[in-house]
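Visitor: Handing you this structure, nothing more for now.
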Amino acid sequence: MRIAVTGQSGQVVLAMLERAATADVVIPLGRPGFDLERLETIAPTIAACRPDIVVNAAAYTAVDLAESEAETAMLVNGQAAGEVARAAAQLGVPVIQISTDYVFDGALDRPYREDDTVGPISAYGRSKLAGEEAVAAATPDHAILRTAWVYSPFGKNFVRTMLRLAETRSEIGVVADQWGCPTNALDIADAIFTVARNLLARPQDGRLRGVFHMSAQGEAVWADVAEAIFAQRAATGAGPANSRLDCTKLATIHGVTLPEWRGSLSSCLTRLMTEQTG
Ligand SMILES: NC(=O)c1ccc[n+]([C@@H]2O[C@H](COP(=O)([O-])OP(=O)(O)OC[C@H]3O[C@@H](n4cnc5c(N)ncnc54)[C@H](OP(=O)(O)O)[C@@H]3O)[C@@H](O)[C@H]2O)c1
C-alpha cells in the first residue's frame, strides 16, 4: 500500500512512519514543496506520489493561536483539506481525514456519537468542521476519523510537558473539569492502516465511509492523566468540557478498537523515560 500522508513532523505522521508494515510505503508530504497554505502545491505533489490512498494528518493545530489567526486556520484546516480530498478523488483513490472532538461544543454529558449535533466553540473547531464538510463535498470515498487528546513520544503534547515540569516543580495545577480520553498517536496510526486496508479492499462499501470516532478506551479528566504520569500544565486552554467520543461505530464497521488509555500511556512513558535516562 502506498500512502501519501500530509505533514512531516506531526505526531500522527511520525507514528505512521514508525508503525508502517514492511510492505507499506508511507510518503510524508511537507513544506516547502507541499504547503497547505498554498493550495496550488497540493494536487501536483499528491499526484506525483502515485498513492493508493491519501491521509490528511497535517493541520493548523495551535488551538489558542487560531483565535487570532482564524483565516490561516480556516485556509489550512478547511479549504486545504477539501483540496487534498479533491486531489485524491482526481486520482480515484480514497482519502482519510483526521478530525477532532472540537467540532462539538462539549456540553453533552455522555460520549459523543458520530451523528450528534456539531457546534464548535473555537476558531480551531470551526476550521476543522469546515475541513470535514469540504472533504465530504469533494468525494464520497472518504473516512473522517475524529480523535481527541493526542499524545505520543514525539512533538509537543501534554504527556511530554508533564514529564518536563515534573523535573522542575513539586506541584502542578491541572484542570479536573474536562472529560476525554488521552489517545496515543501510535494507536491512531495502527487504526489508520486498518481503515485504509478496509477502504481499499471494499471500494463500493458505503458503510466503511463517512464519519467515525476514534479515541482510546476509557475516560479521564486531565488531572487523572497527570496523576497517572506522576505515579510511574497548568490550565489546558479553552477545550470543550466533554471530549469523550463513543467509538462503537468504528469497532462495528471497521473492526478497529483502540487500547485502553492507561496501558498506552504507560508504554509511551516507559519509552520517554528510557530515552531521558539512556
Ligand atoms: N493533537 C491533538 O490533541 C489532536 C486532537 C484531535 C485531533 N487532532 C488532529 O489530528 C491530526 C494530527 O495532529 P497532530 O497532533 O499529529 O498534529 P501536530 O503534531 O501539531 O502536527 C501538525 C502537522 O501539520 C503540518 N502542517 C501544519 N501546517 C502546514 C502547512 N501549511 N503545510 C503543510 N503541513 C502543515 C505540520 O508540518 P511540519 O511537519 O512541517 O511541522 C505537522 O506535520 C490533525 O488533523 C489534528 O487536527 C489532534
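Visitor: Probe of 1.4 angstrom, ligands and nucleic acids ignored: what's the accessible area per residue over the chain, in square angstrom? Walk me through the numbers on the way to the answer.
Guide: Working: 12020 Å² over 278 residues.
Normalised by residue count, the accessible surface of the chain is 43 Å².
Visitor: With θ taken as phi - 60° and the coefficients 6.51, -1.76 and 1.60, list the Karplus ³J(HN,Hα) couplings across the range 172-188 in order, rounded to whole Hz; mark glycine and proline as x.
Guide: Going residue by residue, I get 9, x, 9, 5, 10, 10, 10, 9, x, 8, x, 10, 6, 4, 5, 5, 4 Hz, with x marking Gly and Pro.
Visitor: Looking at the chain only, what percent of DSSP beta bridges run antiparallel? Nearest 5 please.
Guide: Numbers: 3 of 29 bridges.
Taking every DSSP beta bridge with both residues in the chain, the antiparallel ones total about 10 percent.
Visitor: Arranged from highest to lowest average of other beta-carbon atoms within 10 Å per residue, in what order do the peptides 148-161, 33-46 appear? Working shown, then result.
Guide: Numbers: 148-161: 20.6, 33-46: 16.9.
Per-residue mean Cβ counts within 10 Å order the peptides as 148-161, 33-46.
Visitor: With viscosity set to 0.890 mPa s at 25 °C, what whole-number translational diffusion coefficient in µm²/s follows for the range 123-278 from Stokes-Einstein and a Kirkwood radius over Cα pairs? It would help to have the intermediate numbers written out before the result.
Guide: Values: Rh = 17.0 Å.
Once the numbers are plugged in, D ends up at 145 µm²/s.
Visitor: Would you please give the residues with an amide H less than 5 Å from that of ARG146, counting only those at least 5 places away or on a separate chain, with H modeled from the backbone geometry?
Guide: Correct list: SER99, PHE212, HIS213, MET214.
Visitor: So what are the ³J(HN,Hα) numbers for the range 27-33, from phi and the Karplus equation (6.51, -1.76, 1.60; θ = phi - 60°), rounded to whole Hz, Gly and Pro as x?
Guide: Running phi through 6.51 cos²θ - 1.76 cosθ + 1.60 with θ = phi - 60° gives 10, x, 10, x, 5, x, x Hz.
Visitor: Now a separate question. Could you give me the ³J(HN,Hα) list for the range 147-163, computed from phi with Karplus coefficients 6.51, -1.76, 1.60 and θ = phi - 60°, whole Hz, x at Gly and Pro?
Guide: My calculation for the range 147-163 gives 10, 7, 6, 7, 9, 5, x, 10, x, 9, 7, 4, 5, 5, 4, 4, 4 Hz in order.
Visitor: Can you list the residues, at least 5 places off or on another chain, whose amide H is less than 5 Å from the amide H of TYR151, using H built in the peptide plane?
Guide: HN-HN under 5 Å from TYR151: THR183, ASN184, ALA185.
Visitor: May I pose another question? Given a Förster distance of 30 Å, report the FRET efficiency between GLU40 and MET1 from their Cβ-Cβ distance, rounded to the nearest 0.05. Intermediate results must be reported in sequence, preceding the final value.
Guide: Details: r = 27 Å, r/R0 = 0.91.
Rounded to the nearest 0.05, the efficiency is 0.65.
Visitor: Mind listing the long-range amide H neighbours of TYR112? Cut-off is under 5 Å, sequence gap 5 or more, other chains count too, H placed in the peptide plane at 1.01 Å from N.
Guide: Here the answer is ARG244, LEU245, ASP246, since their amide H atoms fall under 5 Å of that of TYR112.
Visitor: Quick check: net charge around VAL135, other residues with Cβ under 13 Å of its Cβ, Lys/Arg +1 and Asp/Glu -1?
Guide: Details: positive: ARG86, LYS128, ARG146, ARG209; negative: GLU83, GLU132, GLU133, ASP141.
Residues close to VAL135 contribute a combined charge of 0.
The values are calculated or read from the model by the stated rules, or taken from the named source; none is laboratory data. Quantities reported herein were computed from a predicted structural model and do not represent experimental measurements. Heads up, the Cβs are rebuilt from the backbone with ideal geometry, glycines too, and the neighbour counts pull from every protein chain shown. Side chains are part of the model used for accessible areas, which takes the heavy atoms of the whole protein and leaves out ligands, DNA and RNA. Shrake-Rupley method; radii C 1.70, N 1.55, O 1.52, S 1.80 Å.
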